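The values are calculated or read from the model by the stated rules, or taken from the named source; none is laboratory data. Not measured: the values here are computed from a predicted model. Cβ atoms come from the backbone with ideal geometry, glycine included; neighbour counts cover every protein chain shown. Areas reflect the complete protein model, heavy atoms only, side chains present, ligands, DNA and RNA absent. Shrake-Rupley method; radii C 1.70, N 1.55, O 1.52, S 1.80 Å.
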Amino acid sequence: MKFVFTDKKVNLPGKVHAYAEKKVGKLERYFKADTEAAIVFSIEKDRNNVELTIRSGGTVIRVAESTSDMFATIDAAVASVERQLRKNKARLEKRLRQDAFSRTVEADQVSFVPEPEGEEDKFRIVRTKRFPLRPMSAEEAILQMNLVGHSFFAFRDADNDGRFAVVYKRNDGDYGIIEDED
């Protein structure tokens, strides 16, 4: 497992990074060799924050934890990842057998965000993310959405000829899907 540490507005001793590497390294048994763990440390208002993002092939798992002690926060983040893995164990095992962790991207699958036209002063875009849209089922898209902790997820619907679609979590706890008409 490859580790990337980022300290935001804080200088942490090396023992914190070593502790995080040891604890997060225990998660390596769940993933293949090409796994990367990005760990962001920060302190805000006497709270120690850790954001842990694990990328393995096409799967992304992200958790954020905050406690009064940095070591306890690292432990809580690792426990959250393990909880997500256990919660989605059956689905992840099914995906493992289908080579879900291998990542291949074709040129026509890369998404882009068009630049806004005209009245830019009314809408302000503060962040742009680019990522490949992989063909997957709606169930797999919901799993990915839950693993990264977002309320929506864009994907190419493998059950609908690879058309663009978005799954989202509804206020009542159920899920919805927005599909392309064409």
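With K and R counted +1 and D and E -1, the other residues having a Cβ less than 10 Å from that of Glu44 yield a net charge of +3.
Summarising the label geometry, the points placed 7 Å from Cα in the beta-carbon direction at Thr6 and Asn160 lie 3.3 nm from one another.
Placing R0 at 45 angstrom, the Cβ-Cβ distance between His17 and Phe152 gives a FRET efficiency of 0.85 after rounding to 0.05. Once the C-beta distance of Glu28 and Glu181 is scaled by a Förster radius of 45 Å, the resulting FRET efficiency is 0.55 to the nearest 0.05. A crude spin-label estimate for the pair Asp172 and Thr128, with each label 7 Å from Cα along the Cβ direction, gives 3.8 nm.
Each of the peptides 33-39, 174-180 was scored by the mean count of other Cβ atoms within 10 Å over its residues; in descending order, highest first, they stand as 33-39, 174-180. Among the listed pairs Lys23/Lys169; Lys2/Lys169; Lys2/Lys89, those with a Cα-Cα distance over 28 Å are Lys23/Lys169; Lys2/Lys169. Scaled against 2.2 N^0.38 Å for its residue count N, the alpha carbon radius of gyration of region 13-71 is 1.19. Taking only protein heavy atoms and a 1.4 Å probe, the accessible area of region 1-86 is 48% carbon and sulfur. Taking trypsin sites (Lys or Arg not before Pro) across region 24-60, the ones in a DSSP loop with at most 11 further Cβ atoms lying within 10 angstrom of their Cβ are Lys45.
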